[in-house]
Amino acid sequence: MFKKFDSRISRRDALKLGVLVTAALGMGLPLSLLTKSAVAQDLGTEQLAFLFDQKKCIGCKLCESACRSANQEARDEQVKWRRVLDNGGDEGEGHFLSISCNHCADPACLTVCPVTAYTKRQDGIVVHNAEKCVGCGYCMYACPYHAPQLSKKTKRVTKCHFCYSRQDQGQQPACVEACPKKALTYGKLSELKKAPGGVATLKGLPSPTITNPSWVIIPKE
Amino acid sequence: MELHWHWLVVIYLFLGGLGAGAYITSFLAEKGFLGKAPSLTRAGYFIATPAVAIGTLMLVFDLGQGFWKPWLMIGLLSNFTSVMSWGVYILSAFILAGFLKCYFAFKNKKAPELLTWAGAFLALCTAAYTGFLISVIKAIPFWNSNIIPVLFVVSALSTGLSATSLLAPLLEKGTYHEGRANQLHLLLVVVEIIVAASFIMVMLNGSNGPIGTESAKLLISGKYQIVFWGLFIVLGLVLPAFIYLQQILSQIKKTGDIPQNITANDVGSAVLAEAAASSKIYGAHSPLMIIGDTGVIIGGFALRMLIVFAALPVWDGFSIY
C-alpha cells in the first residue's frame, strides 16, 4: 500500500517535473532571447549615426588606419571601410570628408540583397553577414555611397559595421576613438541632428532622399 | 569605385530576353496570332529553355561564390524585397515550364493548355524582370527609369522572334510560311525605335539628373557611339525596319492584299525564289531576312551591353568639392 502510494507520488512528481521542464524550456528559450536582446538594447533602440565636422578635420587619416587595425575584414587591399577624401585644394583651402557606411534608415543594400546577408539592428546599425554573401555585387550598385565593397580575396562583399561588437562592450567605434581633433564623433541621430550647421549631404554627393542616410556633416563653408 | 558587372551579366540579360521572346513567338504562332505560320510554332520552344538556362548559368558563374559554394544559392530565394530574388523564382519556373513545353513540342504532342499559358506568362515575367532588375537601382540614374523594362520587353520579343525565324527554316520540313510575322516584327522594331528615342531624350534632358545625361552622352557621342549608332540603331533597328517593310510591301504586291498564308516563292525577290527552289526539303529564309534577323539579334545584344556598360553611379565615391 505504502509502496503503491509512493510510486503514485513519484509518478505524479515525474509528471509534474515533466510539465515544469517543458514549461521552463518553453518560457526559458524566449526569456533567454529577451535577455540577449536586452543586452543589445543597452545602446538604445534609436538610430545611431556618425557626425563629421569638416571644420575640425585635418586629413590625418588616423580614422582610416584605426578602422583597418580594429577590423580583420577591412584589411583587404582593395577594401576601405572608411575613406578620407579630399577636394585637392591647397593648404588652408582644402577640405576633407571622412566617409564609411551611413547605416541608412532605408538601406538600399538590405532591400536589394537576394540572400538577406544584411540586417538592421535595433540601434540602426546595418550589418553584413559575409557567410551568406554570394558576391553578386547588386548592393554595390544600389548603395550611392559605395560602402559595400567586393574583396578580391574572398569574392564576397564587406562593409563597415560601426564596430558594433566594440559598442556592445561599451567601447567607441575605432575610427571615432582615433580622431585626434574630435572631427568624427557618433551618437543618436536625433541628438546629432541638433548640431548647428549640420546637413545630410554635400555638393556633388548623392541626394539623401535615395536611402535616408544616418549621418550629419558640418560643412566647412 | 569599380563596379563589377561585365560581359557575363550582359549575356545573361540578353539571353533571358531572347529566350522569353522566342517562347512568346511560338506561343503567338501556335495560338494563330501570326496568321497561318506553322513553321514558327515549335522553333521558339526549342530556343527558350536553353537560352534562359545558359544565361542563368552565366549569372551563377558571375557570382563570386556561385561556382565554389553552390549551397549558398538556396539563400537567393530568401529576400522578398529583392528583385534578384524574384528573378530566381521567375527564371526557375520559366526554365521548368519551358522545358516541359519543349518536350511536348519535340514529340509533336499537344501540351496541357495550362502549361502553355503558364509558360507564356512566365516568359513575359522573365523579359520584364531583366529590366526591373536594374530599373529599381536608384543610385544608377541611367537605370532608374520605368522606360527600361518597356525597352527590354520590346527588345526581348523582337530578338526572340528573330531567333525563332532564323531557326525555323532549318528545322521544319516543307514550305516556309511567314504569315504575319513580318508585320509583327516591323511593329516591334518601330515601337523599339520610339521607346529607345524617348529613353535617350529623357536621359539627355536631365530628368534623371546630370549623371543620367552623362551616361546618355557616352552612347550618342562618347566612348560607345560606334556600338550605339552602328550596331544598335542602324544594324539593329533601322535596317531591319526597312527590310521588314520591303518584305510586307512585296507580299502585298504579289497578292494584292495583306497575306495570311504565303509560301516562300511569293515572298520577296527572284533571289529568294531561287533559294527556295534550291532547298526543296527544308523551307527557305530570304537572304535579306537573314540579314534583318541577324541585325536585330546583334542590336539586342548591343542594347544590353550599352545599358550595363554606360551605368555611371550617382556619385563616383571619390570626388568632393
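Comparison of B:Ser155, B:Ser162 shows that the only residue that is under 18 Å from B:Ser286 (Cβ atoms) and modelled with pLDDT of 95 or more is B:Ser162.
Taking the options A:Asp53, A:Asp76, A:Asp86, A:Asp106, name whichever one is closer than 28 Å to A:Leu192 by Cα, crowded, with 17+ Cβ neighbours inside 10 Å, among the charged types (D, E, K, R) and touching a residue at least 12 places away in the same chain (Cβ under 8 Å). Break it down into steps so the answer makes sense when it comes.
Numbers: A:Asp76 fails: closer than 28 Å to A:Leu192 by Cα; A:Asp86 fails: crowded, with 17+ Cβ neighbours inside 10 Å; A:Asp106 fails: crowded, with 17+ Cβ neighbours inside 10 Å.
So the residue among A:Asp53, A:Asp76, A:Asp86, A:Asp106 that is closer than 28 Å to A:Leu192 by Cα, crowded, with 17+ Cβ neighbours inside 10 Å, among the charged types (D, E, K, R) and touching a residue at least 12 places away in the same chain (Cβ under 8 Å) is A:Asp53.
Here is a yes/no grid of residues against (1) of a type in the set (Lys, Arg); (2) at pLDDT 70 or above; (3) over 19 Å from B:Thr159 (Cβ atoms):
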{"site": "B:Ile233", "(1), (2), (3)": "no, yes, no"}
{"site": "B:Pro240", "(1), (2), (3)": "no, yes, no"}
{"site": "B:Gln251", "(1), (2), (3)": "no, yes, yes"}
{"site": "B:Pro259", "(1), (2), (3)": "no, no, yes"}
{"site": "B:Ile262", "(1), (2), (3)": "no, no, yes"}
{"site": "B:Gly268", "(1), (2), (3)": "no, no, yes"}
{"site": "B:Val271", "(1), (2), (3)": "no, no, yes"}
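Just to be sure before I move on: is A:Thr201 touching a residue at least 24 places away in the same chain (Cβ under 8 Å), among the polar types (S, T, N, Q) and surrounded by 15 or more Cβ atoms within 10 Å (Cβ to Cβ) in the structure I sent? So A:Thr201 does not fit the description; no.
Of the residues that make up region B:65-72, is at least one in a helix (DSSP H, G or I) and buried (at least 21 other Cβ atoms within 10 Å of the Cβ)? No, region B:65-72 has no match at all.
Taking the residues in region B:300-310 that are within 14 Å of another protein chain (Cβ to nearest Cβ) and under 15 Å from B:Ile200 (Cβ atoms) as candidates, determine which candidate is nearest to the chain's Cα centre (by Cα). Break it down stepwise before answering.
As a first pass, look at region B:300-310 and keep what is within 14 Å of another protein chain (Cβ to nearest Cβ): B:307-310.
Subset that is under 15 Å from B:Ile200 (Cβ atoms): B:307, B:310.
Values: B:Ile307: 14, B:Ala310: 20 Å.
Only one residue tops the list, namely B:Ile307.
Just so you know, in region B:21-55 the residues that are within 24 Å of B:Leu114 (Cβ to Cβ) and among the β-branched types (Val, Ile, Thr) include one that is modelled with the lowest pLDDT, and it is B:Thr41.
Out of curiosity, is A:Val216 touching a Gly at 6+ places or on another chain (Cβ under 9 Å), touching a residue at least 60 places away in the same chain (Cβ under 8 Å) and of a type in the set (Val, Ile, Thr)? Here the answer is yes, as A:Val216 does meet what is asked.
Going through B:Phe94, B:Phe99 one at a time, which residue ends up being crowded, with 21+ Cβ neighbours inside 10 Å, within 24 Å of B:Leu166 (Cβ to Cβ) and modelled with pLDDT of 90 or more?
On the way: B:Phe99 fails: crowded, with 21+ Cβ neighbours inside 10 Å.
After ruling out the rest, the residue left standing is B:Phe94.
When the residues of region A:171-196 are filtered to those that are surrounded by 12 or more Cβ atoms within 10 Å (Cβ to Cβ) and among the small types (Gly, Ala, Ser), which remaining residue is farthest from the chain's Cα centre (by Cα)? For region A:171-196, the residue satisfying everything is A:Ala195.
Just to be sure, is B:Ala105 more than 14 Å from chain A (Cβ to nearest Cβ), in contact with a Cys (Cβ under 9 Å, 6 or more places away or on another chain) and farther than 30 Å from A:Val157 by Cα? Spelling it out, it is not the case that B:Ala105 is more than 14 Å from chain A (Cβ to nearest Cβ), in contact with a Cys (Cβ under 9 Å, 6 or more places away or on another chain) and farther than 30 Å from A:Val157 by Cα. Against the test of being away from chain A (no Cβ under 14 Å) and among the polar types (S, T, N, Q), the options B:Ser78, B:Ser155, B:Ser135, B:Ser92 yield a single qualifying residue, B:Ser155. The listed residues are A:Thr119, A:Thr209, A:Thr154, and the only one of them that is touching a residue at least 12 places away in the same chain (Cβ under 8 Å) and of a type in the set (Ser, Thr, Tyr) turns out to be A:Thr154. Does region B:102-119 include one or more residues that are assigned to a helix (DSSP H, G or I), within 16 Å of A:Tyr138 (Cα to Cα) and among the small types (Gly, Ala, Ser)? Within region B:102-119 (the criterion being assigned to a helix (DSSP H, G or I), within 16 Å of A:Tyr138 (Cα to Cα) and among the small types (Gly, Ala, Ser)), the answer is no, since none of the residues qualifies. When B:Pro50, B:Pro38 are checked against the criterion of being more than 12 Å from chain A (Cβ to nearest Cβ), within 22 Å of B:Leu161 (Cα to Cα) and assigned to a helix (DSSP H, G or I), a single residue qualifies: B:Pro50.
Which residues, taken from region A:112-144, are within 20 Å of A:Ala70 (Cβ to Cβ) and either surrounded by 22 or more Cβ atoms within 10 Å (Cβ to Cβ) or β-branched (Val, Ile, Thr) (or both)? Scanning region A:112-144 gives A:Ile125, A:Val126, A:Val127, A:His128.
Looking across region A:72-124 at every residue that is among the aromatic types (Phe, Trp, Tyr) and within 21 Å of A:Leu202 (Cβ to Cβ), the one that is nearest to the other protein chains (Cβ to nearest Cβ) is identified as A:Phe96. Somewhere in region A:159-179, is a residue without any contact (Cβ under 8 Å) to a residue 60 or more places away in the chain, within 30 Å of B:Trp143 (Cβ to Cβ) and within 14 Å of chain B (Cβ to nearest Cβ)? No, there is no match, as no residue in region A:159-179 is without any contact (Cβ under 8 Å) to a residue 60 or more places away in the chain, within 30 Å of B:Trp143 (Cβ to Cβ) and within 14 Å of chain B (Cβ to nearest Cβ). Residues in region B:60-75 that are more than 8 Å from chain A (Cβ to nearest Cβ) and closer than 20 Å to B:Val308 by Cα: 2 in all. A count restricted to region A:129-158 and to residues that are small (Gly, Ala, Ser), facing chain B (nearest Cβ under 7 Å) and within 30 Å of A:Thr185 (Cβ to Cβ) stands at 1.
The values are calculated or read from the model by the stated rules, or taken from the named source; none is laboratory data. In this text the structure is predicted, and so the values were computed from the model without any measurement. So basically every Cβ, Gly included, is an ideal-geometry build from the backbone, and we count neighbours across all protein chains shown.
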